[in-house]
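So that we are looking at the same thing, I have put the structure below in C-alpha cells.
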Amino acid sequence: MAQPAPTDTKLDEKVDYFNLPCPIPFEELHREAMMSLKPDLFEGMRFDFTKMLNQKFSLNHSVLMGPTEIPSQSTETIKIPTANYEFGATFIDHPRLLLWGRILTDGRLNARVKCDVSENLTFKANAQLTNEPHMSHGMVNFDYKGKDYRTQFQLGNGALLGASYIQSVTRNLSLGGEVFWAGQHRKSGVGYAARYNTDKWIYTSHGSNISCATCNPSGGIRNGFSHTQVASTGMVLASYVQKVSEKVSLASELMCNYLSRDVTASFGYDYILRQCRLRGKIDSNGCCAAFLEERLNMGLNFILSAELDHKKKDYKFGFGLTVGE
C-alpha cells in the first residue's frame, strides 16, 4: 500500500498582541547600520588614555594632532594644521546614573547626563558650549519605556520642541513617528519610520517632511508673508543589515531627497576577528573608508583610519593608540 505524501503539519505561530517586545528607541533605529557605515574616522595622530580611579569614576586624556578643514568658496579642500588636548571625566553608577564631561583647549565643553528616574522613565541632558556666538547648544530628553512601546519628549535651546513614539506591531515589526518645531528658525517637521528585524537581518526605513520659512541675509526671520518664502524638503533613509555570522555583518543604506532628486547609496561591513575589529564602507559618491582597531595587549589598542574621497580628491589617514579600558 502506497504511503501518503508527507504534509507539513506545522501551524503558523500566532502573534500574541498582549505580549509584544519593547522596541528600541526611535533615535537608535539605524544603530546596527551606523556601526559599519559611520565609524569614528579621524585624520592625523590620536592618543587616548583612560585611568580608572575606582569602579565608578574614571579620567580621560586625549591628544589629537592633524589638519582641520576650513570653509572655502572653491571646490578644493583647504586644511590648516591643528592640535587639541581634551580632558574628560566619567562617573557611572550602573545602571541608574551616568555623568560624562569633556573640555578642549580651544574652549569647547561637552557634557552629558543620563539618569533613570524609575524603571520606565529616563532623563537625559546634553550640552555643548563654545566661545563662538550662537554656537552653544543644549537639549533635555524625557524617555518613557512602556511594555511594547517607547515615547520621547525633547526640549532644546532656540525654542526647540520635539516628540517621538514607536510601537511594536508584531514581534518583528515596529512602527513610529516623530514631530518637531524649531521656533527660532521657524522650522517644523514630521517623520515616519518602520523597522523589521529577525535573528539574521534588520531592515529600517525612515522618512521625513520638513517645512521651513527661509531667513533673510542678515540672519533674522522677517515678519509678514511678503518677506518669507515657504519651502518643503523631504528625506527618505532606508538601511538593511545582514548578520552573516556572529562576527561578520554587512550593511547597506539608501538616502534620498525626493524633491532635490539627490540619492546616495552606501555599503559597509563589520568584521570582528580574534585580536582586531575591521569596519569600512563605500558609497556612490566615490568615497571609501576603513577603520581598524587591533588589540596589542590588555588595555592597549592600535587604531588605523583611512578615508578616500576620489571625487573631491581629498584623502585622510590617521593612526593612534588607546590605553586603558
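The values are calculated or read from the model by the stated rules, or taken from the named source; none is laboratory data. This is a predicted model, so every value here is computed, not measured. As a convention, Cβ positions derive from the backbone with ideal geometry for all residues, glycine included, and neighbour counts pool all protein chains shown. Accessible surface is based on the protein model in full, side chains and every heavy atom, while ligands, DNA and RNA are left aside. Shrake-Rupley method; radii C 1.70, N 1.55, O 1.52, S 1.80 Å.
Which residues, taken from the stretch 29-85, are in contact with an Asp or Glu (Cβ under 7 Å, 6 or more places away or on another chain) and of a type in the set (Lys, Arg)?
Of everything in the stretch 29-85, those that are in contact with an Asp or Glu (Cβ under 7 Å, 6 or more places away or on another chain) and of a type in the set (Lys, Arg) turn out to be Lys56, Lys79.
Restricting attention to the stretch 284-299, report how many residues are assigned to a strand (DSSP E or B), open to solvent by 30 Å² or more (accessible area, probe 1.4 Å) and either under 17 Å from Leu64 (Cα atoms) or of a type outside the set (A, V, I, L, M) (or both).
Residues that pass the stated criteria total 5.
Also, quick follow-up: Can you name the residue in the stretch 193-203 that is in contact with a strand residue (DSSP E or B) (Cβ under 8 Å, 6 or more places away or on another chain) and either closer than 20 Å to Asn257 by Cβ or of a type in the set (Val, Ile, Thr) (or both) and is also surrounded by the most Cβ atoms within 10 Å (Cβ to Cβ) among such residues?
Ile202
Looking at (1) in a strand (DSSP E or B); (2) within 22 Å of the chain's Cα centre (by Cα), which is the only condition Pro81 fails?
Failed condition: (2).
Yes or no, residue by residue, for (1) closer than 28 Å to Lys79 by Cβ; (2) buried (at least 17 other Cβ atoms within 10 Å of the Cβ); (3) not β-branched (Val, Ile, Thr):
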residue	(1), (2), (3)
Gly268	yes, yes, yes
Arg274	no, no, yes
Ile303	yes, yes, no
Lys312	yes, no, yes
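Could you say which residue among Val179, Val190, Val117 is surrounded by fewer than 16 Cβ atoms within 10 Å (Cβ to Cβ), of a type in the set (A, V, I, L, M) and within 28 Å of His94 (Cβ to Cβ)? First the steps, then the outcome.
Values: Val179 fails: within 28 Å of His94 (Cβ to Cβ); Val190 fails: within 28 Å of His94 (Cβ to Cβ).
Step by step, each of Val179, Val190, Val117 is checked, and only Val117 is surrounded by fewer than 16 Cβ atoms within 10 Å (Cβ to Cβ), of a type in the set (A, V, I, L, M) and within 28 Å of His94 (Cβ to Cβ).
Look at Lys281 and say whether it is out of contact with any helix residue (DSSP H, G or I) (no Cβ under 6 Å at 6 or more places or on another chain), open to solvent by 30 Å² or more (accessible area, probe 1.4 Å) and not hydroxyl-bearing (Ser, Thr, Tyr).
Here the answer is no, as Lys281 does not meet what is asked.
Would you check which residues across the stretch 244-278 are touching a Leu at 6+ places or on another chain (Cβ under 9 Å), under 22 Å from Arg195 (Cβ atoms) and not polar (S, T, N, Q) and list them?
The answer is Val244, Ala251, Glu253, Leu254, Met255, Cys256, Val263, Ala265, Phe267, Gly268, Tyr269, Asp270.
On the basis of being touching a residue at least 60 places away in the same chain (Cβ under 8 Å) and either among the aromatic types (Phe, Trp, Tyr) or not in a strand (DSSP E or B) (or both), does Phe302 make the cut?
Against the criterion (touching a residue at least 60 places away in the same chain (Cβ under 8 Å) and either among the aromatic types (Phe, Trp, Tyr) or not in a strand (DSSP E or B) (or both)), Phe302 does not qualify.
Ok, one more. Test Asn110 against the stated conditions and say whether it is modelled with pLDDT under 95 and either open to solvent by less than 50 Å² (accessible area, probe 1.4 Å) or aliphatic (A, V, I, L, M) (or both). Break it down into steps so the answer makes sense when it comes.
Working: modelled with pLDDT under 95: no; either open to solvent by less than 50 Å² (accessible area, probe 1.4 Å) or aliphatic (A, V, I, L, M) (or both): yes.
The answer is no for Asn110.
Let me ask you something else. For residues that are open to solvent by less than 50 Å² (accessible area, probe 1.4 Å), under 20 Å from Arg96 (Cα atoms) and in a loop (DSSP other than H, G, I, E, B), tally how many sit in the stretch 134-170.
Qualifying residue count, the stretch 134-170: 1.
For the structure I just gave you, tell me whether Asn131 is not in a strand (DSSP E or B) and not hydrophobic (A, V, I, L, M, F, W, C). If you could, list the steps in order and put the result at the bottom.
Details: not in a strand (DSSP E or B): yes; not hydrophobic (A, V, I, L, M, F, W, C): yes.
In short, yes.
Given the criteria without any contact (Cβ under 8 Å) to a residue 24 or more places away in the chain and open to solvent by less than 80 Å² (accessible area, probe 1.4 Å), does Ser72 qualify?
yes
If you check Gly176 against the conditions, is it at positive phi and in contact with a strand residue (DSSP E or B) (Cβ under 7 Å, 6 or more places away or on another chain)?
Values: at positive phi: no; in contact with a strand residue (DSSP E or B) (Cβ under 7 Å, 6 or more places away or on another chain): yes.
No: the conditions fail for Gly176.
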